[in-house]
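Step one of this worksheet: look at the structure below.
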Amino acid sequence: MMLRMVWQRMGIGLVTLWVVSVIVFVATSILPGDVAQIILGQAATPETLAAMRAELGLDQPGYIRYFSWLGNMMTGDLGTSKAGGATISSLIGGRIGNTMMMAGLVAIISIPISIALGLWAAMHPGTILDRIVTFGTLSLISVPEFFIATVAVLILAVHLHWLPSTAYMTGDETFGQLIKALAMPLITLVIVVSAQMIRMTRAGILNVMSSPYIEMAILKGVPRGRIILRHAFFNAIGPIINVIALNLAYLVSGVVIVETIFAYPGLAKLMIDGVQTRDLPLVQACAMIFCGTYVVLILIADVGSIVSNPRLRSPK
Amino acid sequence: MTEQTASKSEAEVIADLDAFAELPDAPPKRKFRLTWVGYTSCAVVVFWLAICFIGPSIAPFHEMDMDGDDSFLDAYSGEYGSFHLGTDYLGRDTLSRVLYGARNTIGISLAATLIAYLIGITLGILAAVKGGWIDMGISRVNDAILALPTIMLGLIVIAALGSSIPILIGTAAVIYATSVFRISRALGQDIMVQDYVEVAHTRGEGIWWIIRAEVLPNAAMPLATDFGLRLVFVVLFISSLSFLGLGVQPPASDWGSMVRDNLQGLTYGSWAAIWPALAIASFTIAINLIVDDISAKSGGSLAKKMV
Amino acid sequence: MEKDKLFEVKDLRISAYNDEGEEIPIVKGVSFDIHKGEVVALIGESGSGKTTISLATLAYTKPGLHFTGGECQLFGKDVLSMPPLGQRDLRGGNVAYLAQSAAATFNPAITINEQVTEAAVLHGRLTQAEANKRAIELYHALELPDADRIGYRYPHQVSGGQLQRLMAAMALCSKPDLMVLDEPTTALDVTTQIEVLKAFKKVIREQNSAAIYVTHDLAVVAQVADHIVVLYSGEVMEQGSADQIINNPQHAYTKRLMAAARPKPTAGMGVQVGDEHHREADNMRVEDMTAGYGGIVDGEPVVPILRDINISVKNGHVVGVIGESGCGKSTLARVMAGMLPPARGDILLDDKKLKGSLLDRRLDELQKVQFVFQMADTALNPKQLIGNIIGRPLEFYHGLTGKEKHAKVSEILDMVELPPAFASRYPMELSGGQKQRVNLARSLAANPEVMLCDEVTSALDSIVGANVIKLLTGLRDKTGVSFVFISHDLSTVASFADEIVVLYAGRVVEQGPTDEVLEPPFHPYTRLLISSVPEMRIGWLEDTMQKREMAVGIARGVEITRQGCPFYNRCPLAIEGTCEVKIPAILELEKGHQISCHLSLEQLLETEAETQKILHGFEKVGDEDQFSTAH
């Protein structure tokens, strides 16, 4: 039963990925109308336009273009960037590592902090510290990421001069310099992602806390810590895994803002540049990477909550 | 409450029973009421909504006026009177731009959220009530769109179509209609399996009556709170796009782009980037606090019994 | 006796506070004692404060309630004024609690054994190894199947009746001085209830621990209690020994409770109606009907529920449908109402065939057959005024509007004995019984010929439920409406129905006039049901447990079989080689009384006489509890 559900989810994940590719393709190749016109701009002559169309294969029907695009994408041929004519794979290759490193570091730092704080707040509901955590996280999730980044710069860079306000990287920094360069974007993202995760962890636990079996645990004289960690946490773990995955996926949008603000040479910055210059092949490739990651993370969350449910794990 | 502390006599108890004075099942329920946090937050939201309308008429300068000779002036240093919040990177009055910007940021977000609700609720309730292939079809498409990070969708559409206010509103509306669809469909489905809806079915009621009399009144409150949350997301979405330079285009003022434009001023200690950011924060935090206040759950009350 | 005193509740007061900060007293000065080895029953209806009082012995109140006075002394020491850590040790250590619904009280993510032994180990009363050993002993004592290994399972892997007993093991594991049992058998079928009661009684006796037994059911109290405290609205009405309260109640309220308690169903209980409504014409009929869920393949439902049902509802009659949960009672009513189209067979109203699905039925057909849902709480839209709820059928079927409608609403409210002012209230402002009356009123407003009532009194307190039955009887006499009255409670059905249909596993095993059905010969299943209804007599449980048919498959789950007699695996009289393969023929008796059994009438009568004789000496037969609460 469990295995079947997991396979089912994987199947749905694959279908979703496929639909995503259709959406990305339609949005970037069909919606804008004449891509050749966009690329060449107003100055294009009818001849150059026709040549461009032929070169891009625009004279072929949409579905043929879609399948050849999909085929190329799967074989690793992401096409050529409009700007400078570099291959997109090489552009992305240079950036993807930076973004991955950032996302990985954020996850490593924020997951333990969030779960610990979330559990702690749930364990002491109504206390002053709990209220501070609740109000603080609510405020943090209500404001845009760039606001947090701005305030961080104001405090840490402008007033305290502890950290640089940008995260330029040349590739040959020492470890210390690397840490210093990464600190600002890291702090911003950790705050943004953790706030959401703390709230959801706390809510997930408190949601379980109104169950009759929690009251029973209290009536059995089970201490507070054990109620939360043994009785509540194991029932809330499905939702919590979900929250973690969703928030890691949420990093995708956080990364876009943070990379821009700190001029961090990552994939998201590359994509924003692509959008600004309307470099559609580049946007397509980056969007597929981001969306693909997102879909995979959500898939992991789904599978995680199935596996953590004893009803599904050990059926009757 | 009547006086109950005095012991009842036998006769009184029996009289009670005969008069169907059944005992209440539980202590009286908590009535809907806001705390002071809720009221304060309401005031903040009302304030900003009012500014959307009267902002331009009370602003000391026009949003485009470059009245300060220098950029990033401090308050009270201008020769044309005082710039209460200083000037921005082009020497424009920050206060005026914040007041003007409310109209763009909140107006665009509100319009997008309303359209998202119109689309989302219509399709969601339809899917919940009709079920079958209509539900299947809409839900599958919706899931696919929901499976994409919102900012990515925004970026893709803007890469394709360029940025203008109608495109911003339309994009945000479609993107957030998907979540409205999901919640109203779930609500609708929950309500549709309630016994009272089945009673209406067995009576032979038509689908419109069921939607109007049974589904909507019960979905109204949860949808209203969700509207608040959704509006916050849209404000953040629009501001983020503006911040990336892909939203509201200059010279129009908008809180998101104001932060972006004045970012470099931070290094000189100018607050020109902070004020619009604070404006966004005050609006969104206030909405979230109201929602939080309304939907305060008693989930913690059992937790307080832990030793 | 004084030195045996274990627990003393002295002038206990508990209050709630509303939004305005006003104090609302819930428990108003209650006192009683508990002695070693004694079972004290707290009896009362909902709102009497019985659960609140019982929880006070654990120094606990539900969220929102506060202790405002009095003491609860364990061995002379007040537990309410103990420090929090002392109270923690008390809970699950000295005093153990058993909740009403074991299914909700067991943590779904933790194995049974860990939950059973948790309190004993945490309070340092036993080591884990000792606790494990004791748990297994308790599982054996509670007659749980597979006792050595059941602890490794998760709660969803065992049945409801088993969970209820496992909870007893959980409470007993730390050898508490006092056990608090909060309506532990209320949610169970009668046949399962007996089994669980028996197990509880046995362990309480063996452990020589004291207990508080909270319930609204006098008949259950009579089986387990030594001392009874009668509560109403947070006050003690009367208390005394079980014998005195049951056999010689003094307070008027206790007498009321006794009167509302369901008597043992016996022949002669059926309401005799002979007025003008009582005609012999069939109002509604079900012919050769088979129904189920999951679609229909080759004329058979994929998941069959009901099979070959033939029943008729005569004008102005009440037909009671009885059976355990899972027998298909509600499905029968749903098929009649058109909510579930049958796979085969016909439903006739006034000799005209009705379409299977209500979507295809005409409006006047819908109006004539009204379905009343079990839970008024969920059947009334919380956002609609009572006036609109009752007014809608008037408007929808009869086109009444404005003043006319308003007047009719008042009239109907009066019929269900509610004041007309209720029209401008919301369902939330009404009590459970009042809501059920509104629920009935809505169906009455349609001016129906047949009302299908699905367990309408099951969720109500005994006095309130008895009043609703009284109301229904009056309505039937006044309006001539026919009723199909579905209930798992044989005594309620017997006191109200002209005819009884006994359903087992989707088949009619016996039907006929109430008096005939309740008189021998019985179908073996009918006998099982009748003998499972607790009598309000001290010592009844012991007597009953010795009867032969009670020992056979008593708590076995209802299994829907595709061939043979479905009751085969629970039947003490089953004929091997016949019953499990052949569908039994219908034995026609006088006055339309039918029994579906392979045994002949003579055999049934004979075994009946034998069972009466056999009171001792039998071997326990049959497998243990297969009862399943899955889904």
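Listed here are the residues, each with its yes/no results for (1) at pLDDT 90 or above; (2) within 13 Å of chain A (Cβ to nearest Cβ); (3) touching a strand residue (DSSP E or B) at 6+ places or on another chain (Cβ under 9 Å); (4) more than 19 Å from C:Q164 (Cβ to Cβ).
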position	(1), (2), (3), (4)
C:F75	no, no, yes, yes
C:L80	yes, no, yes, yes
C:A104	no, yes, no, no
C:N107	yes, yes, no, no
C:L122	yes, yes, no, yes
C:A129	yes, no, no, yes
C:I136	yes, no, no, no
C:D148	no, no, no, yes
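Yes/no matrix, rows are residues, columns are (1) out of contact with any strand residue (DSSP E or B) (no Cβ under 8 Å at 6 or more places or on another chain); (2) at pLDDT below 85; (3) assigned to a loop (DSSP other than H, G, I, E, B):
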| position | (1), (2), (3) |
| --- | --- |
| C:E510 | no, no, no |
| C:R527 | yes, yes, no |
| C:L541 | yes, yes, no |
| C:V581 | yes, yes, yes |
| C:L605 | yes, yes, no |
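What's the total number of residues in the range C:368-395 that are over 19 Å from the mean Cα position of the chain (by Cα), under 26 Å from C:M336 (Cβ atoms) and free of Cβ contacts under 8 Å to residues at least 12 places away in the same chain?
Residues that pass the stated criteria total 1.
Enumerate the pairs (first residue in the range B:132-153 and under 23 Å from A:P144 (Cβ atoms) and outside any helix (DSSP H, G or I); second residue anywhere and among the small types (G, A, S) and at pLDDT below 80) with beta-carbon separation below 8 Å, excluding pairs fewer than 6 apart on the same chain, so at least 6 apart or on different chains.
Partner pairs satisfying both residue conditions: B:P149/A:A249; B:P149/A:S253.
Is it the case that some residue within the range C:160-172 is away from chain A (no Cβ under 13 Å), part of a helix (DSSP H, G or I), buried (at least 23 other Cβ atoms within 10 Å of the Cβ) and charged (D, E, K, R)?
Yes, some residue in the range C:160-172 is away from chain A (no Cβ under 13 Å), part of a helix (DSSP H, G or I), buried (at least 23 other Cβ atoms within 10 Å of the Cβ) and charged (D, E, K, R).
For the subset of the range B:271-295 comprising residues that are at the interface with another protein chain (Cβ under 10 Å from one of its Cβ atoms) and outside any helix (DSSP H, G or I), which member is nearest to B:T171 (Cα to Cα)?
The extreme case among them is B:A273.
Name the residue, out of A:P185, A:P164, that is away from chain C (no Cβ under 14 Å) and not in a helix (DSSP H, G or I).
Among A:P185, A:P164, only A:P164 is away from chain C (no Cβ under 14 Å) and not in a helix (DSSP H, G or I).
Of everything in the range C:194-245 that's under 17 Å from the mean Cα position of the chain (by Cα) and outside the structural domain of C:G47 (by TED's automatic domain parsing), which residue is surrounded by the fewest Cβ atoms within 10 Å (Cβ to Cβ)?
The selected residue is C:L197.
Give the residue that is farthest from A:L70 (Cα to Cα), with candidates limited to residues of the range A:1-12 that are more than 9 Å from every other protein chain (Cβ to nearest Cβ) and surrounded by 15 or more Cβ atoms within 10 Å (Cβ to Cβ).
A:M2
Considering (1) at positive phi; (2) modelled with pLDDT of 90 or more; (3) in contact with a Leu (Cβ under 9 Å, 6 or more places away or on another chain), say which one C:V286 fails and leave the rest.
Only one criterion in (1) at positive phi; (2) modelled with pLDDT of 90 or more; (3) in contact with a Leu (Cβ under 9 Å, 6 or more places away or on another chain) is unmet by C:V286, namely (1).
Restricting to the range C:329-360, name every residue that is in contact with a helix residue (DSSP H, G or I) (Cβ under 9 Å, 6 or more places away or on another chain) and assigned to a loop (DSSP other than H, G, I, E, B).
The answer is C:G338, C:M339, C:L340, C:P341, C:P342, C:D350, C:K355, C:G356.
Select, from C:V416, C:V369, C:V409, the only residue that is more than 8 Å from chain B (Cβ to nearest Cβ), touching a strand residue (DSSP E or B) at 6+ places or on another chain (Cβ under 8 Å) and buried (at least 22 other Cβ atoms within 10 Å of the Cβ).
One residue alone meets the criteria, C:V369.
Does the range A:303-316 include one or more residues that are modelled with pLDDT of 80 or more, under 23 Å from A:A152 (Cβ atoms) and more than 8 Å from chain B (Cβ to nearest Cβ)?
Checked the range A:303-316: no residue is modelled with pLDDT of 80 or more, under 23 Å from A:A152 (Cβ atoms) and more than 8 Å from chain B (Cβ to nearest Cβ).
Taking C:G70 as the residue in question, decide whether it is out of contact with any Phe, Trp or Tyr (no Cβ under 9 Å at 6 or more places or on another chain), crowded, with 17+ Cβ neighbours inside 10 Å, at positive phi and away from chain A (no Cβ under 12 Å).
Yes, satisfied.
Select, from B:L241, B:L246, the only residue that is touching a residue at least 24 places away in the same chain (Cβ under 8 Å) and at the interface with chain A (Cβ under 7 Å from one of its Cβ atoms).
On inspection, the qualifying residue turns out to be B:L246.
Can you give me the number of residues within the range B:140-170 that are crowded, with 17+ Cβ neighbours inside 10 Å and among the hydroxyl-bearing types (S, T, Y)?
Count: 2.
What are the pairs, 6+ residues apart or on separate chains, where a residue within the range B:165-178 that is in contact (Cβ under 8 Å) with a residue 12 or more places away in the chain has its Cβ under 6 Å from a residue that is surrounded by fewer than 22 Cβ atoms within 10 Å (Cβ to Cβ)?
Cβ pairs passing all conditions: B:I169/B:A111; B:A173/B:I115; B:A177/B:I119; B:T178/B:N142; B:T178/B:I145; B:T178/B:L146.
The values are calculated or read from the model by the stated rules, or taken from the named source; none is laboratory data. Quantities reported herein were computed from a predicted structural model and do not represent experimental measurements. Note: ideal-geometry Cβ built from the backbone for every residue, glycine included; neighbour counts use all protein chains shown.
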